[in-house]
Amino acid sequence: MTTSFFDRLRRNKWNFLCLAGCLAVLISILEIVLRIPMRESMPTYYYGLAGEVWDEDADMFWTPRHQYKAELAKLPRFDSNHLIYTFGGSIPTNHTANTNFPAELEKLLAPNYAVANFATGGYSSRQSLVLSRKMIKRKTPHLLIVCHGYNDHGLSIASDRDMARRNHRASVRLLHFISGSRIVQAARRLAWVTMGYDPYNLNPKAKNIRLRVSPDDYEDNLRGFLREARENKIQVVFMTQAVIDAAVARDTDPYFIVMRAVAARTPKAHFLDVRGAVEAYYKEHLGYMPDHRTPDKSSDMLLHNDTCHLSDDGHRLIATLLYDFLMTNGLTP
């Protein structure tokens, strides 16, 4: 009668321990080798684009570890009537620029007001809504400025709503716990390739791709901001984004149409179309609206550093538009 390999292992504990030890060493070596920086690490199961600089959150998917430190430090120095919070993706931040329009707005309102900028690169309106609830609990501001649309129309393996719902399952929380392992991350990359999904190079024609936030979900998120505002007696300004890529502008138009309609139907909600003002600026100074940044037309980008992110001059223009809008509508007590 022949005995199997596993039967022999069970009878000889030393062989079993040696084999287990060898496997542990091999796994450790593989883990170390995979930690050689070749591509961005993704130590989260919650959302595929989170990198090493993020902390993970089941509802927001990721939160910057230190980005809000300076903004939170402003809160104790001002009473609620002299606080303004801004929310958005990377457009209201100093991505590709040396300043941002919330900071420039704060200069225009100084010294009586503080503008705490909680805009976060990559965030959709859903993520910012969750973040706004957390920040309002810390201290209630007088005004919220919400600048979303570009990231909402982005693509992912699931909508943000479905992703958040999935994140709360016990099995996903367990996967998230072990996703700090590079072996797990490598296996997930392989699964993504099999699915036809590459988070670093999204193709609208790829399989299993969804809008991060549909126009209907976008409206729900805007109404979520308004509910928070109503319950805490906060004014809200919804503002469009100055995207100069013609194709992206067409894709984001449905979102800004929804934004305008929601603001029009809601007391204490205001709508600012900065895109229209930026187009007017370009047509006045250039005679046309630039579409793409190309090497031979880089001088045409008067207000932008790329097709959506603002230059220093662009941020200053938006801040001036916001300041005039706040003054005209009596939004500064």
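FYI, it's all coordinate maths here, none of it is from the lab. Just so it is clear, the structure is predicted and the values come from calculations on it, not from any experiment. A quick note on method: Cβ atoms are made from the backbone with ideal geometry, for glycine too, and the neighbour counts reach across all protein chains shown.
Taking region 48-155 as the region of interest, the strands (runs of 3 or more DSSP E) fully inside it that hold 1 or more residues being in contact (Cβ under 8 Å) with a residue 60 or more places away in the chain and under 20 Å from Gln235 (Cα atoms) are 83-88, 143-147. I need the helices (runs of 4 or more DSSP H) fully contained in region 231-333, keeping only those with at least 1 residues that are buried (at least 21 other Cβ atoms within 10 Å of the Cβ) and hydroxyl-bearing (Ser, Thr, Tyr). The qualifying helices (runs of 4 or more DSSP H) are 246-264. Looking for something within 30 Å of Ala73 (Cα to Cα) and in contact with a helix residue (DSSP H, G or I) (Cβ under 8 Å, 6 or more places away or on another chain) - is there at least one such residue anywhere in region 172-179? No, because not a single residue in region 172-179 is within 30 Å of Ala73 (Cα to Cα) and in contact with a helix residue (DSSP H, G or I) (Cβ under 8 Å, 6 or more places away or on another chain). Screening Ile91 with (1) among the β-branched types (Val, Ile, Thr); (2) touching a Ser or Thr at 6+ places or on another chain (Cβ under 7 Å); (3) crowded, with 24+ Cβ neighbours inside 10 Å gives one miss only, at (2). Among the residues making up region 151-173, a single one is of a type in the set (Ser, Thr, Tyr) and closer than 17 Å to Glu219 by Cβ: Ser159. Return yes or no: is Asp306 over 30 Å from Arg223 (Cα atoms) and out of contact with any Phe, Trp or Tyr (no Cβ under 7 Å at 6 or more places or on another chain)? Here the answer is yes, as Asp306 does meet what is asked. Summed over region 162-192, residues that are part of a helix (DSSP H, G or I) and polar (S, T, N, Q) total 3.
Among the residues of region 95-129, the one identified as hydroxyl-bearing (Ser, Thr, Tyr), in contact with a helix residue (DSSP H, G or I) (Cβ under 7 Å, 6 or more places away or on another chain) and over 22 Å from Thr307 (Cα atoms) is Tyr113.
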